[in-house]
Amino acid sequence: MSPEPTSLSSAAAVKSSLSQAEIDVLDIAMLSELAEITMGVARAIGKLAVERAEAGEADQAAKLGAVVTKVGRAVRQSVAFRRKIEGEVRARNEASAGAEAVAQEEARQNAAYWRRSRSTARRKMIERGVCRAIAEAGEETGLYDDMHERLLEYESFTDFTDKPVSQFILEIADAMALDLNWEWFAYDPWAAEEIAADPPVSPLAKWWHSPDREDRDDQTPLGGEEPYAQGHGPPLAAE
(Lines give C-alpha, C1' and ligand atoms only; values in the text may rest on other atoms or scores of the structure.)
Protein backbone atom coordinates (compact mmCIF):
# COMPACT_ATOMS: atom_id res chain seq x y z
CA MET A 1 0.00 0.00 0.00
CA SER A 2 1.40 3.39 -1.00
CA PRO A 3 2.13 5.80 1.87
CA GLU A 4 0.11 9.01 2.05
CA PRO A 5 1.79 12.08 0.55
CA THR A 6 2.88 14.64 3.09
CA SER A 7 2.91 18.44 2.68
CA LEU A 8 6.28 20.11 2.55
CA SER A 9 7.52 21.59 5.80
CA SER A 10 7.87 25.35 6.06
CA ALA A 11 11.62 25.07 5.59
CA ALA A 12 11.18 22.88 2.50
CA ALA A 13 8.58 25.27 1.08
CA VAL A 14 10.97 28.20 1.51
CA LYS A 15 13.81 26.20 -0.04
CA SER A 16 11.62 25.34 -3.05
CA SER A 17 10.76 29.05 -3.48
CA LEU A 18 7.07 28.12 -3.35
CA SER A 19 4.53 28.87 -0.68
CA GLN A 20 2.56 26.03 0.89
CA ALA A 21 -0.54 27.30 -0.94
CA GLU A 22 1.28 27.09 -4.28
CA ILE A 23 2.55 23.59 -3.45
CA ASP A 24 -0.99 22.50 -2.57
CA VAL A 25 -2.29 23.79 -5.92
CA LEU A 26 0.40 21.82 -7.76
CA ASP A 27 -0.32 18.66 -5.73
CA ILE A 28 -4.05 18.88 -6.39
CA ALA A 29 -3.49 19.41 -10.11
CA MET A 30 -1.02 16.51 -10.26
CA LEU A 31 -3.34 14.12 -8.42
CA SER A 32 -6.28 15.14 -10.62
CA GLU A 33 -4.24 14.46 -13.73
CA LEU A 34 -2.99 11.16 -12.31
CA ALA A 35 -6.55 10.08 -11.51
CA GLU A 36 -7.65 10.89 -15.07
CA ILE A 37 -4.73 8.98 -16.61
CA THR A 38 -5.24 5.99 -14.34
CA MET A 39 -8.96 6.00 -15.04
CA GLY A 40 -8.21 6.01 -18.75
CA VAL A 41 -5.96 2.99 -18.30
CA ALA A 42 -8.67 1.22 -16.31
CA ARG A 43 -11.23 1.85 -19.08
CA ALA A 44 -8.87 0.52 -21.76
CA ILE A 45 -8.01 -2.63 -19.80
CA GLY A 46 -11.65 -3.15 -18.89
CA LYS A 47 -12.64 -2.96 -22.56
CA LEU A 48 -9.91 -5.45 -23.44
CA ALA A 49 -11.07 -7.81 -20.67
CA VAL A 50 -14.61 -7.74 -22.06
CA GLU A 51 -13.32 -8.51 -25.53
CA ARG A 52 -11.30 -11.51 -24.23
CA ALA A 53 -14.31 -12.79 -22.32
CA GLU A 54 -16.51 -12.53 -25.42
CA ALA A 55 -13.82 -14.41 -27.37
CA GLY A 56 -13.96 -17.25 -24.85
CA GLU A 57 -10.56 -16.47 -23.34
CA ALA A 58 -11.70 -16.66 -19.75
CA ASP A 59 -8.22 -16.91 -18.21
CA GLN A 60 -6.99 -13.83 -20.05
CA ALA A 61 -10.19 -11.97 -19.15
CA ALA A 62 -9.71 -12.86 -15.46
CA LYS A 63 -6.12 -11.67 -15.45
CA LEU A 64 -7.13 -8.41 -17.10
CA GLY A 65 -9.95 -8.03 -14.57
CA ALA A 66 -7.43 -8.35 -11.72
CA VAL A 67 -5.37 -5.60 -13.32
CA VAL A 68 -8.46 -3.40 -13.58
CA THR A 69 -9.05 -3.94 -9.85
CA LYS A 70 -5.50 -2.81 -9.01
CA VAL A 71 -5.71 0.20 -11.32
CA GLY A 72 -9.05 1.10 -9.79
CA ARG A 73 -7.44 1.09 -6.34
CA ALA A 74 -4.81 3.55 -7.65
CA VAL A 75 -7.60 5.77 -8.96
CA ARG A 76 -9.34 5.74 -5.57
CA GLN A 77 -6.08 6.56 -3.78
CA SER A 78 -5.39 9.48 -6.12
CA VAL A 79 -8.87 10.89 -5.54
CA ALA A 80 -8.62 10.34 -1.77
CA PHE A 81 -5.24 12.09 -1.56
CA ARG A 82 -6.55 14.99 -3.62
CA ARG A 83 -9.60 15.35 -1.37
CA LYS A 84 -7.37 15.18 1.71
CA ILE A 85 -5.25 18.07 0.48
CA GLU A 86 -8.35 20.02 -0.58
CA GLY A 87 -9.77 19.51 2.91
CA GLU A 88 -6.57 20.80 4.51
CA VAL A 89 -6.59 23.82 2.22
CA ARG A 90 -10.23 24.51 3.06
CA ALA A 91 -9.56 24.19 6.79
CA ARG A 92 -6.60 26.59 6.58
CA ASN A 93 -8.64 29.09 4.57
CA GLU A 94 -11.51 28.93 7.06
CA ALA A 95 -9.11 29.35 9.98
CA SER A 96 -7.42 32.28 8.23
CA ALA A 97 -10.76 33.89 7.41
CA GLY A 98 -11.89 33.42 11.01
CA ALA A 99 -8.70 34.94 12.39
CA GLU A 100 -9.00 37.86 9.98
CA ALA A 101 -12.61 38.44 11.00
CA VAL A 102 -11.61 38.43 14.67
CA ALA A 103 -8.74 40.84 13.97
CA GLN A 104 -11.04 43.17 12.02
CA GLU A 105 -13.62 43.15 14.80
CA GLU A 106 -10.94 43.88 17.41
CA ALA A 107 -9.60 46.72 15.24
CA ARG A 108 -13.14 48.10 14.85
CA GLN A 109 -13.76 47.97 18.59
CA ASN A 110 -10.39 49.60 19.33
CA ALA A 111 -11.07 52.36 16.81
CA ALA A 112 -14.53 52.93 18.31
CA TYR A 113 -13.05 53.02 21.83
CA TRP A 114 -10.40 55.58 20.93
CA ARG A 115 -12.93 57.64 18.99
CA ARG A 116 -15.23 57.72 22.03
CA SER A 117 -12.29 58.62 24.28
CA ARG A 118 -11.24 61.42 21.93
CA SER A 119 -14.82 62.66 21.73
CA THR A 120 -15.09 62.74 25.53
CA ALA A 121 -11.84 64.68 25.83
CA ARG A 122 -12.92 67.14 23.14
CA ARG A 123 -16.28 67.66 24.84
CA LYS A 124 -14.43 68.78 27.97
CA MET A 125 -12.30 71.18 25.90
CA ILE A 126 -15.41 72.66 24.29
CA GLU A 127 -17.14 72.96 27.66
CA ARG A 128 -14.15 74.81 29.13
CA GLY A 129 -14.07 77.16 26.15
CA VAL A 130 -17.73 78.11 26.44
CA CYS A 131 -17.43 78.40 30.24
CA ARG A 132 -14.63 80.90 29.69
CA ALA A 133 -16.88 82.97 27.41
CA ILE A 134 -19.68 82.88 30.00
CA ALA A 135 -17.29 83.88 32.79
CA GLU A 136 -15.82 86.75 30.76
CA ALA A 137 -19.32 87.99 29.98
CA GLY A 138 -20.16 88.00 33.68
CA GLU A 139 -23.52 86.43 32.93
CA GLU A 140 -25.75 84.58 35.32
CA THR A 141 -25.03 80.92 35.98
CA GLY A 142 -28.25 79.98 34.17
CA LEU A 143 -26.22 80.12 30.98
CA TYR A 144 -24.25 77.09 32.14
CA ASP A 145 -27.43 75.04 32.02
CA ASP A 146 -28.07 76.37 28.52
CA MET A 147 -24.56 75.35 27.51
CA HIS A 148 -24.98 71.80 28.83
CA GLU A 149 -28.28 71.44 26.98
CA ARG A 150 -26.59 72.49 23.75
CA LEU A 151 -23.76 70.03 24.31
CA LEU A 152 -26.30 67.25 24.84
CA GLU A 153 -28.00 68.27 21.59
CA TYR A 154 -24.66 67.99 19.77
CA GLU A 155 -24.07 64.56 21.29
CA SER A 156 -27.30 63.31 19.71
CA PHE A 157 -25.85 63.66 16.21
CA THR A 158 -22.06 63.99 16.53
CA ASP A 159 -19.17 62.63 18.56
CA PHE A 160 -17.20 65.91 18.69
CA THR A 161 -14.49 64.58 16.34
CA ASP A 162 -15.90 65.73 13.00
CA LYS A 163 -14.97 69.40 13.45
CA PRO A 164 -12.19 71.40 15.14
CA VAL A 165 -12.72 72.23 18.81
CA SER A 166 -12.76 75.96 18.09
CA GLN A 167 -15.57 75.49 15.55
CA PHE A 168 -17.77 73.86 18.20
CA ILE A 169 -16.92 76.61 20.69
CA LEU A 170 -17.75 79.31 18.15
CA GLU A 171 -21.07 77.73 17.15
CA ILE A 172 -22.25 77.37 20.75
CA ALA A 173 -21.02 80.83 21.74
CA ASP A 174 -22.79 82.41 18.74
CA ALA A 175 -26.01 80.53 19.57
CA MET A 176 -25.80 81.88 23.14
CA ALA A 177 -24.85 85.40 21.96
CA LEU A 178 -21.49 85.26 23.73
CA ASP A 179 -18.38 87.12 22.62
CA LEU A 180 -15.14 85.21 22.02
CA ASN A 181 -11.53 86.25 22.18
CA TRP A 182 -9.22 83.55 20.84
CA GLU A 183 -6.37 84.94 22.97
CA TRP A 184 -8.13 83.31 25.93
CA PHE A 185 -7.10 79.91 24.63
CA ALA A 186 -3.48 80.67 23.74
CA TYR A 187 -2.16 78.35 26.45
CA ASP A 188 -4.54 75.43 25.96
CA PRO A 189 -2.84 72.32 24.51
CA TRP A 190 -5.75 71.68 22.14
CA ALA A 191 -5.32 75.20 20.73
CA ALA A 192 -1.63 74.66 19.99
CA GLU A 193 -2.45 71.34 18.33
CA GLU A 194 -5.24 72.85 16.24
CA ILE A 195 -3.11 75.81 15.16
CA ALA A 196 -0.32 73.44 14.11
CA ALA A 197 -2.75 71.27 12.13
CA ASP A 198 -4.32 74.40 10.59
CA PRO A 199 -7.59 72.81 9.37
CA PRO A 200 -9.40 75.09 6.88
CA VAL A 201 -12.58 75.22 8.99
CA SER A 202 -10.81 76.21 12.21
CA PRO A 203 -11.70 79.76 13.26
CA LEU A 204 -8.87 79.65 15.80
CA ALA A 205 -6.24 78.74 13.19
CA LYS A 206 -7.69 81.31 10.80
CA TRP A 207 -7.35 83.98 13.49
CA TRP A 208 -3.83 82.88 14.42
CA HIS A 209 -2.55 82.97 10.85
CA SER A 210 -4.39 86.18 9.94
CA PRO A 211 -2.05 89.01 8.84
CA ASP A 212 -4.27 91.43 10.76
CA ARG A 213 -3.78 89.70 14.11
CA GLU A 214 -2.15 91.78 16.82
CA ASP A 215 1.40 90.70 17.81
CA ARG A 216 1.63 88.96 14.41
CA ASP A 217 5.42 88.75 14.68
CA ASP A 218 5.22 86.92 17.98
CA GLN A 219 4.39 83.28 17.16
CA THR A 220 4.82 82.17 20.79
CA PRO A 221 1.76 81.80 23.06
CA LEU A 222 0.21 85.17 23.78
CA GLY A 223 -0.14 87.04 27.02
CA GLY A 224 3.18 86.64 28.82
CA GLU A 225 2.83 84.55 31.96
CA GLU A 226 0.70 81.44 31.74
CA PRO A 227 -2.53 82.28 33.61
CA TYR A 228 -3.79 78.76 34.26
CA ALA A 229 -1.99 75.76 35.70
CA GLN A 230 -1.03 73.12 33.10
CA GLY A 231 -2.60 75.12 30.28
CA HIS A 232 -6.17 73.89 30.71
CA GLY A 233 -7.93 77.26 30.72
CA PRO A 234 -10.37 78.48 33.37
CA PRO A 235 -11.96 76.08 35.83
CA LEU A 236 -15.42 74.75 35.09
CA ALA A 237 -18.36 76.34 36.83
CA ALA A 238 -19.37 74.63 40.05
CA GLU A 239 -22.29 72.30 39.53
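Identify all lysines with a Cα-Cα distance to K63 below 28 Å; exclude those on the same chain that are fewer than 8 residues away in sequence.
Straight-line reach from K63, under 28 Å: K47.
Ignoring ligands, DNA and RNA, what percent of the accessible area of region 85-186 is carbon or sulfur (1.4 Å)?
Working: 2900 of 6020 Å².
Here carbon and sulfur together make up 48 percent of the probe-accessible area.
Please work out the average accessible area per residue across region 68-183, using the 1.4 Å probe convention, and give it in Å².
61 Å²
With θ set to phi - 60°, apply the Karplus curve 6.51 cos²θ - 1.76 cosθ + 1.60 along region 158-166 and write out the HN-Hα couplings as whole Hz, x wherever there is a Gly or Pro.
Residue by residue, region 158-166 yields 8, 10, 6, 10, 8, 9, x, 4, 5 Hz.
Through the Karplus equation 6.51 cos²θ - 1.76 cosθ + 1.60, θ set to phi - 60°, convert the phi angles of region 190-202 into ³J(HN,Hα) values in whole Hz; use x for Gly and Pro.
Rounded to whole hertz, the list is 5, 5, 4, 5, 5, 5, 5, 6, 6, x, x, 9, 8.
Among 118-131, 101-114, 67-80, how do they line up from the highest to the lowest mean number of other beta-carbon atoms within 10 Å?
118-131, 67-80, 101-114
For region 59-165, state what percent of all Cα-Cα pairs lands in each successive 10 Å bin, counting from 0 Å until the bin that includes the largest distance.
11, 20, 14, 10, 9, 9, 8, 7, 6, 4, 2, 1
What are the ³J(HN,Hα) couplings of region 95-104, residue after residue, when phi is run through the Karplus curve with 6.51, -1.76, 1.60 and θ = phi - 60°? Round to Hz, x for glycine and proline.
The phi angles translate into 5, 5, 5, x, 5, 5, 5, 5, 5, 5 Hz.
The values are calculated or read from the model by the stated rules, or taken from the named source; none is laboratory data. It should be emphasised that the depicted structure is a prediction, and the values quoted were computed from it without experimental measurement. A quick note on method: Cβ atoms are made from the backbone with ideal geometry, for glycine too, and the neighbour counts reach across all protein chains shown. Protein only, heavy atoms only, side chains kept; ligands, DNA and RNA dropped before computing areas. Shrake-Rupley method; radii C 1.70, N 1.55, O 1.52, S 1.80 Å.
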